[in-house]
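First the structure, in the form of structure tokens, and then the observations on it.
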Amino acid sequence: MPIESHATNAELDSPFYLANQKICTDWERFVLEKGGTIRGKYNAWSFGLKTEVKSHYSWNIEVRKSTQTNTGHGKSIVVEFLKFETRINNIACEDFHIRKPKLFDLFSSHKKLDNKTKVYRFIGNNRSHPFPTKLIGLLAEGFENKSIYEVIFKKTELTITFHDKNDWFTMADNIIGFEP
């Protein structure tokens, strides 16, 4: 199923609708050029896309944006979301989690990711393993600009989630081409 517009006639000329239509079209082009599949819906207020792209791994990519206007302050809040998921087998690597710190981290032994990206915490016992080291290098720009929400490797499942970036095609290309 392709990407579909679910806009009302009143929305079709909206600059918000046109902006969402463009990003959906850009994702569709990106995914189809890679031989993947994509489906989703969009309008002036939001969009949601689900894709699958195969390279060395089969990547499931979810792209979302929503605009919430009932904040009680008369302002709109825009939530953007970009998530990559895949299964990586035959990696002799323990589970790990990389995320921004939470209040209870003040009392924990979670290590800072590194000196350059002091904002993030590495939770796990395998920081020096080649797999997380290579993955952190791949995602360095996302850590530096603080757009990465979290990275989780649990058993064989790898999940990389970005907030505030849903049109970062260079990073998407790098992640899809990743080989541990």
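Structure summary
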{"read-out": "Cα gyration tensor, the chain - rounded (a/c under 1.5), prolate or oblate", "value": "oblate"}
{"read-out": "Exposure rank, largest accessible area first [138, 12; 1.4 Å]", "value": "12, 138"}
{"read-out": "Probe 1.4 Å, all protein chains present, accessible-area order of 81, 153, largest first", "value": "81, 153"}
{"read-out": "Helical segments meeting 15 Å axial Cα length and Kyte-Doolittle 1.0 threshold in the chain (DSSP H)", "value": "none"}
{"read-out": "Segment 2-19-segment 120-180 distance, computed between alpha-carbon centres (Å)", "value": "32"}
{"read-out": "Inter-probe distance in nm under a simple model that places probes 7 Å from Cα toward Cβ, at residue 128 and residue 89", "value": "3.1"}
{"read-out": "Surface share of carbon and sulfur [accessible, 1.4 angstrom probe, percent] for the chain", "value": "50"}
{"read-out": "Cα shape, segment 1-87, gyration tensor, a/c 1.5 rule", "value": "oblate"}
{"read-out": "FRET efficiency for residue 60 and residue 154, using Cβ-Cβ distance with R0 set to 22 Å, rounded to 0.05", "value": "0.90"}
{"read-out": "Placed amide H near residue 121: partners under 5 Å, 5+ positions off or other chain", "value": "99, 100, 113"}
{"read-out": "The chain - accessible surface per residue (Å², probe 1.4 Å)", "value": "58"}
{"read-out": "Positive minus negative residues near residue 49 (Lys, Arg vs Asp, Glu; Cβ under 10 Å)", "value": "+3"}
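The values are calculated or read from the model by the stated rules, or taken from the named source; none is laboratory data. Quick caveat, the model's predicted, so the values are computed rather than measured. Glycine also receives a Cβ, built like all others from the backbone with ideal geometry; neighbour counts cover every protein chain displayed. All accessible areas refer to the heavy atoms of the entire protein, side chains included, with ligands and DNA or RNA removed. Shrake-Rupley method; radii C 1.70, N 1.55, O 1.52, S 1.80 Å.
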